[in-house]
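The values are calculated or read from the model by the stated rules, or taken from the named source; none is laboratory data. These figures come from a predicted structure and were not determined experimentally. Because the Cβ atoms are built from the backbone with ideal geometry, glycine has one as well, and the counts that use them run over all protein chains shown. For the accessible areas, the whole protein counts, side chains as well, though only heavy atoms, and no ligand, DNA or RNA atoms are used. Shrake-Rupley method; radii C 1.70, N 1.55, O 1.52, S 1.80 Å.
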Amino acid sequence: MKILSVIANRVLTLATFSFFLLFMWSGNLFAAEKIRIAATTTTIASLAKEVVGNAVEAEIYAIASPNRDIHFYAPTPKDVLKVKKADVLIHSGLDLEAWRDPLLVAAGNPRFLGEGKASIDVSKGIPLLEIPTSLSRAEGDIHLYGNPHYWTDPENAGVMTQNIAEGLARLYPAQADRFRQNADTFILKLREKMNDWLRRMKPHEGKALVTYHNSWPYLARRFGLVIAGHLEPKPGIPPTAKHLAELRQTMKEKNVRVIIRESFQEDRTPQKMAQETDAKVVSLASSVGQMKEATDYLSMMEENVRLLEEAL
Amino acid sequence: MSNFLILMWKPLLACLVLTGIHGYLGVHVVERKVIFVDLALAQIAALGATIAVLFGHNLHGPSTYWFSLGATFLGAGIFSFTRTRREKIPQEAIIGIVYAVSAALAILILSHSAEGDEHIRYMLVGNILLVSFPEIIKMAVLYALVGLLHFRFRKNFILISTEPEEAYRQRLPVKAWDLLFYLTFGLVVTSSVHIAGVLLVFSFLIVPAVGAMLFSNRFSQRLFIGWGLGVAASLAGVGASYAWDLPTGASIVTAFGGILAAASIFSAFRR
């Protein structure tokens, strides 16, 4: 009897152990299929989510917080860990993210370093505005390739989505069709919304506005708005008295009703200028998640258009 | 744990290198009562880099480094020249003036270039989390050389810091030794600030030395206690930054504050 119980015990232990092994193995199998994507911005992460859909199981991590100036984000240990363990990196290209290269070096993930092929640059094929003619920093901008705030034009979001789909298709050929299909579906939805936005903004065509930083030329061009000037005399230089005096004059001459700022920019100067010129300050979202209404790309643009419509 | 080491070994190693040299230089700085001298020198280095940018050099290029080193040496000259035997104007005042004027000059120069503010901010805010291994090696070699020089002439260096009157009495060329001290100090601070940022460098310099003063009056004992406090704060700060996903530099500075507070309470009870 005792022997029987010992044998039963052994069998039970063995069965438990094998189950455990099987469980671990299947867990690993799952883990291998899950794609880990690190996106440099919340906007890119939102577009990537559309492309991935339910084609594969994926974890999409957005690095930079939407509530900071995207140029000067300071990565945290979690960011380094996520990039280290990521299978794919999707970034804005150009020189938007000054912190991108140091972060990649610190994470040391060979997929994204040197000849690493698992990076997707979403800016490919986007016609850039304000490409500098001379490389002098004194006159121009630190952006050597052109203005990098291209995603505020929904048309460009379509190109970005295509780039993500093509990049993922190249890396995961088995799911290529699903990625492309998801991208097409999203772009169709985007086009529909775009027609609606264009229709709603049509009455405001030709109206002038002022922005804090030079982040909105793409949006302005798409909706036929005219940017009369910026509160910053040059990108990154805080407003000066003489510049503001000149700008006040311009605003009166061109009948500017709206000053656009982003939530991380100070509010005192825009409010003061608005008071003096009888204009309104509008805080737009330049990244997904910057305000609670902007939960994904479409809702962000919807909210931006709604705010502009209301103010103009 | 393994993730912690994989991610944080470079910042941690950089912290240990910083503790080594700054723990030592900090004892000098506190003895000399020139607490903010590193901020002033870092600001002068930033001014030098600004001038390089004005002449069309790349902000991160080698020529810009020489510009900022040259400016730092000029600052070292000013600080050694203004330390006189019978002090009429406190040296801390001169340090403050140099800091304010060089910061203002940098703003003036950059007000005509794009992204001006950010140039200065970038020079003064390093991110220790993203330090690279070659940077750590370069820093370690440079600081070892400075450390060797100071060890070779330790008697003179310590004498002019702790008992300048005695040094004058022994007819030592005090100004020349002062200049050498500030030259080596400037070299160290410029490199450290580039990697760790002003806040963190200031903490590495001052907190261990001040903490050690609570426990000992002897230079060598202060040095070892300071190193101990520096290592403890580095470990606690880097650990907290990892555990709660906080900015690494600020976590270490806060850890320094906490450890100094704990050390003061401990020393108060000991008495």
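For the reader, a short list of remarks on this structure follows.
- Selection within region B:221-252 - open to solvent by less than 60 Å² (accessible area, probe 1.4 Å), part of a helix (DSSP H, G or I) and within 14 Å of chain A (Cβ to nearest Cβ): B:Gly237, B:Val238, B:Gly239, B:Ala240, B:Ser241, B:Thr248, B:Gly249, B:Ala250, B:Ser251, B:Ile252
- Among the conditions (1) within 14 Å of another protein chain (Cβ to nearest Cβ); (2) crowded, with 21+ Cβ neighbours inside 10 Å; (3) without any contact (Cβ under 8 Å) to a residue 60 or more places away in the chain; (4) closer than 23 Å to B:Gly249 by Cβ, the only one that A:Ile70 does not satisfy is (3).
- Residues in region B:125-161 that are assigned to a helix (DSSP H, G or I), among the β-branched types (Val, Ile, Thr) and in contact (Cβ under 8 Å) with a residue 40 or more places away in the chain: B:Ile128, B:Ile136, B:Val146, B:Ile158.
- Only one of the numbered conditions (1) under 23 Å from B:Ile6 (Cβ atoms); (2) crowded, with 16+ Cβ neighbours inside 10 Å; (3) within 20 Å of the chain's Cα centre (by Cα); (4) of a type outside the set (A, V, I, L, M, F, W, C) is violated by A:Asn109, and that is (3).
- Of all residues making up region B:253-271, the number that are out of contact with any Gly (no Cβ under 6 Å at 6 or more places or on another chain) and either farther than 14 Å from B:Thr19 by Cβ or facing another protein chain (nearest Cβ under 9 Å) (or both): 13
- Of the residues making up region A:221-238, those that are closer than 20 Å to A:Thr269 by Cβ, out of contact with any Pro (no Cβ under 9 Å at 6 or more places or on another chain) and either open to solvent by less than 30 Å² (accessible area, probe 1.4 Å) or hydroxyl-bearing (Ser, Thr, Tyr) (or both) are A:Ala228, A:Gly229, A:Pro235, A:Gly236, A:Ile237.
- Residue in region A:154-164 that is free of Cβ contacts under 8 Å to residues at least 24 places away in the same chain, farther than 19 Å from A:Ile227 by Cα and open to solvent by 60 Å² or more (accessible area, probe 1.4 Å) present: no
- Residue among A:Ile70, A:Ile60 that is within 14 Å of the chain's Cα centre (by Cα), under 19 Å from A:Val288 (Cβ atoms) and at pLDDT below 90: A:Ile70
- Flag for B:Gly211 being more than 14 Å from chain A (Cβ to nearest Cβ), crowded, with 17+ Cβ neighbours inside 10 Å and touching a Ser or Thr at 6+ places or on another chain (Cβ under 7 Å): no
- Filtering region A:257-273 to residues that are crowded, with 20+ Cβ neighbours inside 10 Å and either more than 23 Å from the chain's Cα centre (by Cα) or assigned to a helix (DSSP H, G or I) (or both) leaves A:Val258, A:Pro270, A:Met273.
- Members of region B:132-174 found to be touching a Lys or Arg at 6+ places or on another chain (Cβ under 7 Å) and closer than 24 Å to B:Thr84 by Cβ, listed by number: B:Ser161, B:Tyr168
- Spans of helices (runs of 4 or more DSSP H) in region A:96-203 with at least 1 residues in contact with a Gly (Cβ under 8 Å, 6 or more places away or on another chain) and either at pLDDT below 90 or β-branched (Val, Ile, Thr) (or both): A:154-171, A:176-201
- Looking across region B:79-104, the residues that are modelled with pLDDT of 90 or more and β-branched (Val, Ile, Thr) come down to B:Ile94, B:Ile95, B:Ile97, B:Val98, B:Val101.
- Given (1) buried (at least 24 other Cβ atoms within 10 Å of the Cβ); (2) in contact (Cβ under 8 Å) with a residue 60 or more places away in the chain, index of the condition B:Ser203 fails: (2)
- Pairs, first closer than 15 Å to A:Lys272 by Cα in region A:241-258, second among the charged types (D, E, K, R) and assigned to a strand (DSSP E or B), C-beta under 7 Å, six or more apart: A:Arg257/A:Lys280; A:Val258/A:Lys280
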